[in-house]
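Student: Structure below; questions to follow.
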Amino acid sequence: MRHLPDLIERLTEAVERTGTTCAVVESLTSGKLAAEVGRGSNAQEWFAGGIVAYQTRVKERVLGLEPGTDPCSAECAEQLARGVRDVLGADVAVSTTGVGGPDPQDGHEAGTVYLGWATPEGAGHRLLEFNGDPVEVLDAAVAAALGLLLEIVEKTPET
């Protein structure tokens, strides 16, 4: 996670330039993403916050995940991102969900990661496959989610 300070600095510059507020929701990364985003300069101005929703019932109750949705899926990632964007009133939201390992879970290989995003224009997802132990998978997922958040904010028109 050596390049995270650069990502955070670039994210800070982008949100200040665009006036964007950001939020995150985490299942797989259990708060690690929010901790990194919160390191940004003046984060209190642009980081609405994060929600860690590990249990499916919490995802359903708090974030509006449709019952029966596979927790390691594109649908879940997108619903979580839309849910946290709505709950926290942010412009842009990113979610993490997947299987950190070391073993497969519910038919999904270890290292399977879905990132979701939501903006006023819509939602989407990315499927990523990482190798390594659980710590390496989580670190890679955090870096990828930060990169995705930066990419979305950089595409936001300046205010």
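The values are calculated or read from the model by the stated rules, or taken from the named source; none is laboratory data. Remember, predicted model here, so these are calculated numbers, not experimental data. Cβ coordinates were reconstructed from backbone atoms using ideal geometry, including for glycine residues, and neighbour counts include every protein chain displayed.
Table: residues versus (1) surrounded by fewer than 17 Cβ atoms within 10 Å (Cβ to Cβ); (2) among the hydroxyl-bearing types (Ser, Thr, Tyr); (3) under 21 Å from LEU88 (Cα atoms); (4) within 16 Å of the chain's Cα centre (by Cα).
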{"site": "VAL113", "(1), (2), (3), (4)": "no, no, no, yes"}
{"site": "GLY116", "(1), (2), (3), (4)": "no, no, yes, yes"}
{"site": "THR119", "(1), (2), (3), (4)": "no, yes, yes, yes"}
{"site": "HIS125", "(1), (2), (3), (4)": "no, no, yes, yes"}
{"site": "GLY132", "(1), (2), (3), (4)": "yes, no, no, no"}
{"site": "VAL135", "(1), (2), (3), (4)": "yes, no, no, no"}
{"site": "ALA141", "(1), (2), (3), (4)": "no, no, no, yes"}
{"site": "LEU148", "(1), (2), (3), (4)": "no, no, yes, yes"}
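Student: With the requirement that a residue be polar (S, T, N, Q), crowded, with 24+ Cβ neighbours inside 10 Å and outside any helix (DSSP H, G or I), what does region 62-97 give you?
Tutor: Once the filter is applied, which keeps residues that are polar (S, T, N, Q), crowded, with 24+ Cβ neighbours inside 10 Å and outside any helix (DSSP H, G or I), region 62-97 yields SER95, THR96, THR97.
Student: So, one more: Under 6 Å between Cβ atoms, at least 6 apart or on separate chains: pull out the pairs that start in region 56-67 with a residue that is under 19 Å from VAL99 (Cβ atoms) and without any contact (Cβ under 8 Å) to a residue 60 or more places away in the chain and end on any residue that is buried (at least 17 other Cβ atoms within 10 Å of the Cβ) and of a type in the set (A, V, I, L, M, F, W, C).
Tutor: LYS59/ALA53; LYS59/LEU65
Student: In region 58-74, is there at least one residue being among the charged types (D, E, K, R), under 26 Å from GLU136 (Cα atoms) and modelled with pLDDT of 95 or more?
Tutor: Scanning region 58-74 turns up at least one residue that is among the charged types (D, E, K, R), under 26 Å from GLU136 (Cα atoms) and modelled with pLDDT of 95 or more.
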